[in-house]
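**Student:** Below is a structure I'd like to ask you about.
The values are calculated or read from the model by the stated rules, or taken from the named source; none is laboratory data. Computed from a predicted structure; not experimentally measured. A quick note on method: Cβ atoms are made from the backbone with ideal geometry, for glycine too, and the neighbour counts reach across all protein chains shown.
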Amino acid sequence: MRLSILQPQPQRCHHPIKRWPRMDASFHRRKDKVVIIMGATGSGKSRLSIDLATLFPVSEIINSDKMQVYRGLDITTNKIPLTQRRGVPHHLLGDVDPSLPEFSPADFRRRAAHIIDDISSRDCLPIVVGGSNSFVHALLVEDFQPDSNVFHDAERLISSELRYKCCFLWVDIAFPVLSQYLCHRVDDMLQSGMVHELAQFFDPEASRRTGSGLRKAIGVPEFDRFFNMYPPWAGPAGPGEDPLRKRAYEEAVRAIKDNTCELAERQMEKIERLKCAGWDLRRIDATEAFRVVLTSGSSNGSDVWERQVLEPSVKIVRRFLME
Ligand code: ATP
């Protein structure tokens, strides 16, 4: 490893993290330490989480993307593949049965809190990673009200009283660069078999109702329209040769790109609101690393990533763990 400040530890759970002393749970409950990686979709949160978990090998990752909690649609929801997880334990990633009622922020708060308890009780470090700010908000605030979504009401004040000792890393990318990257990412996902995956998931009955849970994932409603015109059981699921079919396919792809960019924009606005509410988000600018990837191919950009994203993140987490 080039970076002298990064000294990978050889074993998992090697150095217990410094924690607040445990007291009578019913009285002054000590606060567990949690690292939270935030950022819009496509901003490199998963990569950063794995890099950090490898460098601080007492860590385990808890997914906070509301579509990735479900089992299925791994390509469409862009779950980090097993081969890229480098042995780091992941929680709430593909764990929830999509046929059950929608997994709510309240469900996430309850399940993730149990997992944090468990990870902390083993003196390991929980790293929460994902783009669903309503999940992150639900998990962290002291006073959570399950019946209202703070992000759906611009007037609602967001509390900054949090029930964990939090270290927030906010991976930010200038929107023009991010949107360009996201369009490339959709093309890569299509190359990796996204349409085949969506074809297997297609259900004509369900496609006529408003989707819930995994059926809301970007890609499902967009391709439902295409599959209703060109059912997947009538032949291969791709664009084909017929010009009308080709146009319908291209419209679905265009809608996915537009909706992904809109999602990223909304996520950035929500993060700004959390920052304005007093959450101590430490902004890491990953624009340059992504620009290098876009201009010179995906294998480059590692040096810039290490210098501009990983190195400052490691410093912040290291200081947090020593506090
Ligand atoms: P809200 O306040 O609306 O609940 P949120 O921050 O909790 O927003 P987001 O993660 O922004 O939730 O997701 C909103 C919508 O964006 C999802 O319902 C889904 O349509 C789409 N979406 C989010 N993540 C993914 C993903 N990984 N794959 C596909 N679609 C996604």
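**Student:** Out of Arg254, Arg245, Arg273, report the one residue that is outside the structural domain of Trp170 (by TED's automatic domain parsing), of a type outside the set (Asp, Glu), part of a helix (DSSP H, G or I) and surrounded by fewer than 16 Cβ atoms within 10 Å (Cβ to Cβ).
**Tutor:** Step by step, each of Arg254, Arg245, Arg273 is checked, and only Arg254 is outside the structural domain of Trp170 (by TED's automatic domain parsing), of a type outside the set (Asp, Glu), part of a helix (DSSP H, G or I) and surrounded by fewer than 16 Cβ atoms within 10 Å (Cβ to Cβ).
**Student:** In the set Asp117, Asp147, Asp107, which member is in a helix (DSSP H, G or I) and surrounded by fewer than 14 Cβ atoms within 10 Å (Cβ to Cβ)?
**Tutor:** Working: Asp147 fails: in a helix (DSSP H, G or I); Asp107 fails: surrounded by fewer than 14 Cβ atoms within 10 Å (Cβ to Cβ).
The match here is Asp117.
**Student:** Something else now. Is there any pair linking a residue in the range 49-72 that is touching a residue at least 40 places away in the same chain (Cβ under 8 Å) and assigned by TED's automatic domain parsing to the domain that holds Trp305 to one that is within 16 Å of the ligand (Cβ to nearest atom) and assigned to a helix (DSSP H, G or I), with Cβ under 6 Å and at least six apart or on different chains, and which?
**Tutor:** Cβ pairs passing all conditions: Ile61/Ser49; Ile62/Ala112; Ser64/Phe135; Ser64/Val136; Lys66/Phe135; Tyr70/Leu214.
**Student:** For the range 76-85, does any single residue satisfy the condition of being among the hydrophobic types (A, V, I, L, M, F, W, C) and within 23 Å of Leu263 (Cβ to Cβ)?
**Tutor:** Looking through the range 76-85, at least one residue is among the hydrophobic types (A, V, I, L, M, F, W, C) and within 23 Å of Leu263 (Cβ to Cβ).
**Student:** While we're here: Could you tell me whether Val128 is modelled with pLDDT of 95 or more, in the same structural domain as Asp74 (by TED's automatic domain parsing), away from the ligand (no atom under 12 Å from the Cβ) and under 19 Å from the mean Cα position of the chain (by Cα)?
**Tutor:** Values: modelled with pLDDT of 95 or more: yes; in the same structural domain as Asp74 (by TED's automatic domain parsing): yes; away from the ligand (no atom under 12 Å from the Cβ): yes; under 19 Å from the mean Cα position of the chain (by Cα): yes.
It is true that Val128 is modelled with pLDDT of 95 or more, in the same structural domain as Asp74 (by TED's automatic domain parsing), away from the ligand (no atom under 12 Å from the Cβ) and under 19 Å from the mean Cα position of the chain (by Cα).
**Student:** Then there's this: Answer with yes or no whether Ile218 is surrounded by 14 or more Cβ atoms within 10 Å (Cβ to Cβ), part of a loop (DSSP other than H, G, I, E, B), within 16 Å of the ligand (Cβ to nearest atom) and modelled with pLDDT of 95 or more. Spell out how you get there, then give the answer.
**Tutor:** Values: surrounded by 14 or more Cβ atoms within 10 Å (Cβ to Cβ): yes; part of a loop (DSSP other than H, G, I, E, B): yes; within 16 Å of the ligand (Cβ to nearest atom): yes; modelled with pLDDT of 95 or more: yes.
Answer is yes for this residue.
**Student:** Now for a separate question. Scan the range 246-261 residue by residue and report those that are within 14 Å of the ligand (Cβ to nearest atom) and of a type in the set (Asp, Glu).
**Tutor:** Listed by number, the list holds a single entry, Asp258.
**Student:** Yes or no: the range 199-211 includes at least one residue that is closer than 20 Å to Thr41 by Cα, surrounded by 15 or more Cβ atoms within 10 Å (Cβ to Cβ) and out of contact with any strand residue (DSSP E or B) (no Cβ under 6 Å at 6 or more places or on another chain).
**Tutor:** The answer is no, given that none of the residues of the range 199-211 is closer than 20 Å to Thr41 by Cα, surrounded by 15 or more Cβ atoms within 10 Å (Cβ to Cβ) and out of contact with any strand residue (DSSP E or B) (no Cβ under 6 Å at 6 or more places or on another chain).
**Student:** What about Ser159, is it hydroxyl-bearing (Ser, Thr, Tyr), assigned to a loop (DSSP other than H, G, I, E, B) and either assigned by TED's automatic domain parsing to the domain that holds Gly39 or in contact with a strand residue (DSSP E or B) (Cβ under 7 Å, 6 or more places away or on another chain) (or both)?
**Tutor:** Yes, satisfied.
**Student:** Further question: Test Glu102 against the criterion of being surrounded by fewer than 17 Cβ atoms within 10 Å (Cβ to Cβ) and either modelled with pLDDT of 95 or more or among the polar types (S, T, N, Q) (or both), and give yes or no.
**Tutor:** Criteria met by Glu102.
**Student:** Something else about it: For the condition on the phi < 0 side of the Ramachandran plot and outside any helix (DSSP H, G or I), what is the one hit in Leu73, Leu100, Leu139?
**Tutor:** Leu100
**Student:** Further question: Going through the range 262-275 one residue at a time, which ones are more than 11 Å from the ligand (Cβ to nearest atom) and touching a residue at least 40 places away in the same chain (Cβ under 8 Å)?
**Tutor:** If the condition is that a residue be more than 11 Å from the ligand (Cβ to nearest atom) and touching a residue at least 40 places away in the same chain (Cβ under 8 Å), then Lys275 is the only one that fits.
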